[in-house]
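Worksheet: the structure to be examined is printed underneath.
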Amino acid sequence: MLDTILWSLAIFTARIVDVSLGTIRVNMIIRRKKAIAATIGFFEVTIFISVIARIISDFGNIYGIIAYGAGFAAGTIIGIIISEKLSGNLVSTNIISKKYNEAIKRMLIKEGFGITCYMGTGKDGEVEIINVVCKQASLPKLNRLVCKEDPNVFVISYMLDKIRGGFIRGLKKK
């Protein structure tokens, strides 16, 4: 019985490492870090094959199967946490309002957000685009504030990889 518990614990731990590595590998692929992604992939697959071979060889061990699934779930969560730490969790948000740009700009500055404005062209002609770079944790507040000023506002956000300089709410200068 002790052998079964130890193997199940080993499977659980190995699966956490394997899935976490997979999440980090995908992050490296997105950042175009080929060598790092390939190296991580080597270890990820090596661990995966070792674990799956053990599961298949002892398929009657329900504890190993449960440990495999639980390790996958825990590895997913841990991988996301690691990936968030690697990415810095910064988002760029573009805000386009047909009528309330000035009020939105004043309110964002008052609330401590840095803004950059530029002109663009939409289907109805020229539009002013308000851009805010902030931590992802500030995004719900940003959306709430902007929608309060203009319920019909167009907002689009996307993750950022590399930045340099500027002002970002919630980040201290190094």
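Apart from one condition, Gln136 fits all of (1) assigned by TED's automatic domain parsing to the domain that holds Leu6; (2) within 30 Å of Ile36 (Cα to Cα); the exception is (1). The residues listed here are Ser92, Ser57, Ser97, Ser83; of these, the one that is among the small types (Gly, Ala, Ser) and touching a strand residue (DSSP E or B) at 6+ places or on another chain (Cβ under 6 Å) is Ser92. Evaluate the following for Thr23: is it part of a helix (DSSP H, G or I), among the hydroxyl-bearing types (Ser, Thr, Tyr), modelled with pLDDT of 95 or more and assigned by TED's automatic domain parsing to the domain that holds Ile82? Considered against the rule, which asks whether it is part of a helix (DSSP H, G or I), among the hydroxyl-bearing types (Ser, Thr, Tyr), modelled with pLDDT of 95 or more and assigned by TED's automatic domain parsing to the domain that holds Ile82, Thr23 comes out as no. Evaluate segment 162-171: report whether one residue or more is in contact with a helix residue (DSSP H, G or I) (Cβ under 7 Å, 6 or more places away or on another chain) and modelled with pLDDT of 85 or more. No, because not a single residue in segment 162-171 is in contact with a helix residue (DSSP H, G or I) (Cβ under 7 Å, 6 or more places away or on another chain) and modelled with pLDDT of 85 or more.
Applying a threshold of 8 Å to beta carbon distances and a minimum spacing of six or more residues, or different chains, the list of pairs starting in segment 145-164 at a residue that is more than 20 Å from Ile30 (Cα to Cα) and ending at one that is of a type in the set (Phe, Trp, Tyr) and modelled with pLDDT of 90 or more reads Glu149/Tyr100; Asp150/Tyr100; Val153/Tyr100. Given the structure, is Ser97 assigned by TED's automatic domain parsing to the domain that holds Phe12, of a type in the set (Gly, Ala, Ser) and under 30 Å from Asn143 (Cα atoms)? Against the criterion (assigned by TED's automatic domain parsing to the domain that holds Phe12, of a type in the set (Gly, Ala, Ser) and under 30 Å from Asn143 (Cα atoms)), Ser97 does not qualify. The one condition from (1) within 30 Å of Cys147 (Cβ to Cβ); (2) out of contact with any Leu (no Cβ under 7 Å at 6 or more places or on another chain) that Gly60 does not meet is (1). Only a single criterion out of (1) within 25 Å of the chain's Cα centre (by Cα); (2) of a type in the set (A, V, I, L, M, F, W, C); (3) surrounded by 13 or more Cβ atoms within 10 Å (Cβ to Cβ) is not satisfied by Ile156, namely (3).
The values are calculated or read from the model by the stated rules, or taken from the named source; none is laboratory data. Since the model is a prediction, treat every value here as computed from it, not as a measurement. When we count neighbours, we look across all protein chains shown, and the Cβ atoms used for this are built from the backbone with ideal geometry, even at glycine.
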